[in-house]
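What follows is a single structure, written as structure tokens, with notes after it.
The values are calculated or read from the model by the stated rules, or taken from the named source; none is laboratory data. None of these values were measured; they are calculated from a predicted model. Because the Cβ atoms are built from the backbone with ideal geometry, glycine has one as well, and the counts that use them run over all protein chains shown. Remember, those area values only see protein heavy atoms, side chains included, never the ligands or the DNA or RNA. Shrake-Rupley method; radii C 1.70, N 1.55, O 1.52, S 1.80 Å.
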Amino acid sequence: MIALVLFGSPGSGKGTLSQYLTEWMGVPQISTGDMLRQHIKAGTAIGSSVSGRMRAGTLVSDEVVNRLVEERISEPDANKGFILDGYPRTVDQAEEMMRLAAGRKAEVVVIHLVVDYNVIISRLTGRRVCPVCGTLYNAVSRPPKTPGKCDLDGAALEVREDDREDVVRARLEEYERRTMPLIEFFRSRETRLFAVEAGNESPEQVFRSVQADLKNVFEMAGR
Ligand code: AMP
């Protein structure tokens with residue numbers, strides 16, 4: 001069983017890579033950001049407790065995301081493994097994640113997507129998302145076939161509320177201050193950590209290099 005952590009700054013391509021990996025590995029993508037946005041949309045108590053921080057681009061409480069992840073990985077479709085997208089983002093969350101993985105005898109593999117700062121800004125400001133199926137596009141680097149429309153279902157693509165420039169800056173600051181230190185945390189624990197260049201490469205190229213790293217892990221585990 002594998003707990004695959006996609007690690008990287010906002011705009012590093014975690015969501016896009018998840019969409020490739022979940023299909024290839026047959027395990028679910030667990031995106032705390034998506035789960036929180038669904039709570040906001042559904043008007044739940046969790047949604048109203050996190051919406052202010054999300055709009056401002058700051059992290060929500062560890063307790064809320066830890067609980068969401070624990071519940072989600074207890075569902076049957078996650079019993080062969082799961083892909084964590086956007087979690088953990090703080091040392092407390094990372095400790096909780098290690099505990100949850102150990103409880104399931106899951107091997108933790110971390111993929112660190114390394115992307116240059118300027119590329120991140122242009123990716124985040126060009127990002128578009130399908131409100132129906134969640135497919136991600138980029139106005140410049142990954143445009144839909146018909147401008148403004150999802151290739152899969154034709155829905156009008158949307159800009160995420162927190163992809164505005166001032167909010168993007170806050171999100172990147174949070175990443176540097178609270179999430180970057182996790183690289184040292186992962187190095188100090190029993191995790192496999194792979195750094196993958198993901199700035200100028202196409203999503204397919206990034207997927208292929210991650211696939212190569214993961215095949216090594218699977219072979220070593222005798223799978
Ligand atoms: P994302 O879609 O991963 O970029 O997340 C969007 C926003 O959701 C972040 O800016 C945070 O406000 C919140 N969020 C998502 N995941 C986490 C997490 N693991 N810890 C704290 N806040 C999170």
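Please list, by residue number, every one of the trypsin sites (Lys or Arg not before Pro) in the stretch 57-104 that is coil in DSSP and has at most 13 other beta-carbon atoms within 10 Å.
Counting only loop positions with at most 13 other Cβ atoms within 10 Å, the trypsin sites (Lys or Arg not before Pro) in the stretch 57-104 are LYS80.
Taking Cβ-Cβ under 4.7 Å as the only way to count a partner, pick out the unpartnered cysteines of the chain.
Lacking a cysteine Cβ partner under 4.7 Å: CYS133.
Quantify how much of the Cα-Cα distance distribution of the stretch 183-223 extends past 17 Å, in percent.
45
Within the chain, count lysine pairs with alpha carbon atoms under 26 angstrom apart where the residues are 8 or more positions apart or belong to different chains.
Taking the Cα cut-off of 26 Å, the pair count is 10.
What is the Rg over Rh value, at two decimals, for the stretch 1-95, using alpha-carbon atoms and the Kirkwood definition of Rh?
Computed over Cα atoms, the ratio is 0.95.
Quick one: accessible surface of SER74, probe radius 1.4 Å, all protein chains present, in square angstrom to the nearest 10.
80
Over all directions, what mean area does the Cα convex hull of the chain project, stated in square nanometres?
Seen from a random direction, the Cα hull of the chain projects 11.8 nm² on average.
Full-extension gain between GLU158 and THR58, please, as 0.36 nm times their residue separation minus the C-alpha to C-alpha distance.
That pair, GLU158 and THR58, stretches by 33.9 nm at full extension.
Evaluate the charge dipole of the stretch 88-163 about its Cα centre and quote only its size in Debye, nearest 20, assuming +1 on the Cβ of each Lys and Arg and -1 on the Cβ of each Asp and Glu.
260
Can you tell which of SER209, GLY57, LEU152 lies farthest toward the positive end of the dipole of the chain, using +1 and -1 charges on the Cβ of basic and acidic side chains (Lys, Arg; Asp, Glu)?
Checked the options; the winner is LEU152.
Which distance in Å, rounded to a whole number, links the C-alpha centroids of the stretch 1-50 and the stretch 179-198?
When both Cα centres are located, 19 Å separates them.
To the nearest 10 Å², what's ASP62's accessible area with a 1.4 Å probe?
30
Starting from a Cα-only point model with no solvent, please compute log10 I(q)/I(0) by Debye for the stretch 107-223 at q = 0.10, 0.14, 0.16, 0.19 1/Å.
So the normalised log intensities work out to -0.42, -0.78, -0.96, -1.14.
Looking at CYS130, VAL110, LEU36, which one has the Cα that reaches farthest to the positive end of the dipole of the stretch 36-132 (charges on Cβ: Lys, Arg +1; Asp, Glu -1)?
After comparing all options, I get CYS130.
Leaving out ligands and nucleic acids, and using a 1.4 Å probe, what accessible area per residue does the stretch 103-217 come to in Å²?
Ligands and nucleic acids excluded, the figure is 57 Å² per residue.
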